[in-house]
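Everything below concerns the one structure shown next.
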Amino acid sequence: MSHDQTISQPRTGHGQKVAAIVVAAGQGLRAGQPLPKQFALWRGKPVLRHSVDALVAAGVSPIVIVIPEGADTLVRGMLGQLPDIQLATGGATRQESVRLGLEVLAGTAPDLVLIHDAARPLLPAAVIDRLVAALDRHSGAIPVLPVVDSLAHAEPGDSGDVMGAPARREALRRVQTPQAFRFIDILAAHRDWEGPAFAGDNAQVAQANGLEIALVEGDEALHKLTFATDFAPSAPPIRVGTGYDVHRLEEGEELWLCGVKIDHTHGLSGHSDADVAIHALVDALLGAIGAGDIGQHFPPSDPQWKGAASNRFLAHAGSLVAKAGYMLANADVTIICEAPKIGPHREAMRARLAEILCADQAAISVKATTTEKLGFTGRAEGIAAQAAVSLLRL
């Protein structure tokens, strides 16, 4: 969706104006960051910036960000040139901070408002869709997820808490943000609140003022960053590696390709069995996990590898991939030669590579090409191979 397309037009059909409040006034001390967690770097940019970018991309405007006192310059630097952003200084509690943000929005009189925690950086557009749509029928809507674990009340015991009565998880939901409301209703609910401003969230404030709150499907992506472990560097979900190798063809040598022995007039010369295809694949696997190349793990200067079967190299690379926390998604090997013909051996090669790597054969591709009799492969002086792999985080 383009930034100039408002969220309300496609989602409600009534041309309603949708604004947002992002609550970023807390201290976030449990996250163990040098700054409050909402301003700490996470996946390449400040936590706050992630959800604000998502709201801007959804066409939500204006956006009021409630921040700690004295943080204006810091936050402005994080937001850059994002359009239609207003800052408000927060109060002593989250509830007070939200009310102050609502008062700032009162001058713009939006129809609907989304109230979101900055500490939930990933904000799926589909959740915004569901919330706004629910406001056609309700004064408020909140995203929730089911409770999947068994629950029990904690009872005090002689040496700590003990299990008390079980709780019915079927009737419970995990509440997330953003929470969505008709603006005039939630503003009135906050203004009418009596007593200490310690409500757990805005839905409780709205409910206390007689509003019905719809429950809509949330998203696990809306996880709230809370602890230092939430900021620990995480391995990328996908990694890619490539490899390339060449070996000379000579008479009197055996020809091994992809772990399969092939009858041919010439074989490949090398310190090991010179299986050029496996060597390229080993380099691709090692490269994907940043573990160097085949020469570092099996140096040709080491006599123990003289004449060694290359399947040992490949099995070792596969074990390093698993140790790094990844699994093979797919491997694509291309053998470059004029002869022998690879087609008759392709399925045996795929099966052998899958066996060595303990992988599904469907994840292994082996193919061949020629260089139209150009270059050293075209003159049948040698065989080259290249490989590409993709790995998935376990």
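Here are the numbers for the structure shown:
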read-out	value
Residue ranges of helices (runs of 4 or more DSSP H) in the stretch 111-226 with at least 2 members more than 30 Å from R43 (Cα to Cα), touching a residue at least 12 places away in the same chain (Cβ under 8 Å) and in contact with a helix residue (DSSP H, G or I) (Cβ under 6 Å, 6 or more places away or on another chain)	183-192, 202-208
Subset tally (residues that are in a helix (DSSP H, G or I) and either touching a Gly at 6+ places or on another chain (Cβ under 6 Å) or not hydrophobic (A, V, I, L, M, F, W, C) (or both)) for the stretch 363-394	4
Some residue of the stretch 99-110 being crowded, with 16+ Cβ neighbours inside 10 Å, touching a Leu at 6+ places or on another chain (Cβ under 6 Å) and within 27 Å of P196 (Cα to Cα)	yes
Options I85, I63; residue that is in the same structural domain as Q176 (by TED's automatic domain parsing) and either within 29 Å of A208 (Cα to Cα) or of a type in the set (S, T, N, Q) (or both)	I63
Set V52, V23, V60, V66: member being of a type outside the set (D, E, K, R), over 20 Å from R94 (Cβ atoms), modelled with pLDDT of 95 or more and out of contact with any Cys (no Cβ under 8 Å at 6 or more places or on another chain)	V60
Test set (1) within 22 Å of E212 (Cα to Cα); (2) of a type in the set (A, V, I, L, M); (3) under 30 Å from the mean Cα position of the chain (by Cα) - A109 fails condition number	(3)
Selected residue (criterion: surrounded by the most Cβ atoms within 10 Å (Cβ to Cβ)) from residues of the stretch 279-296 that are outside any loop (DSSP other than H, G, I, E, B) and among the β-branched types (V, I, T)	V282
Residue that is surrounded by the most Cβ atoms within 10 Å (Cβ to Cβ), among those in the stretch 371-393 that are within 15 Å of T242 (Cα to Cα) and polar (S, T, N, Q)	Q386
Count - residues of the stretch 255-274 that are in a loop (DSSP other than H, G, I, E, B), under 46 Å from the mean Cα position of the chain (by Cα) and not polar (S, T, N, Q)	6
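The values are calculated or read from the model by the stated rules, or taken from the named source; none is laboratory data. This one's a predicted model, so the numbers in the text were calculated from it and none came from an experiment. In this analysis, Cβ positions are derived from the backbone assuming ideal geometry, glycine residues included, and neighbour counts consider all displayed protein chains.
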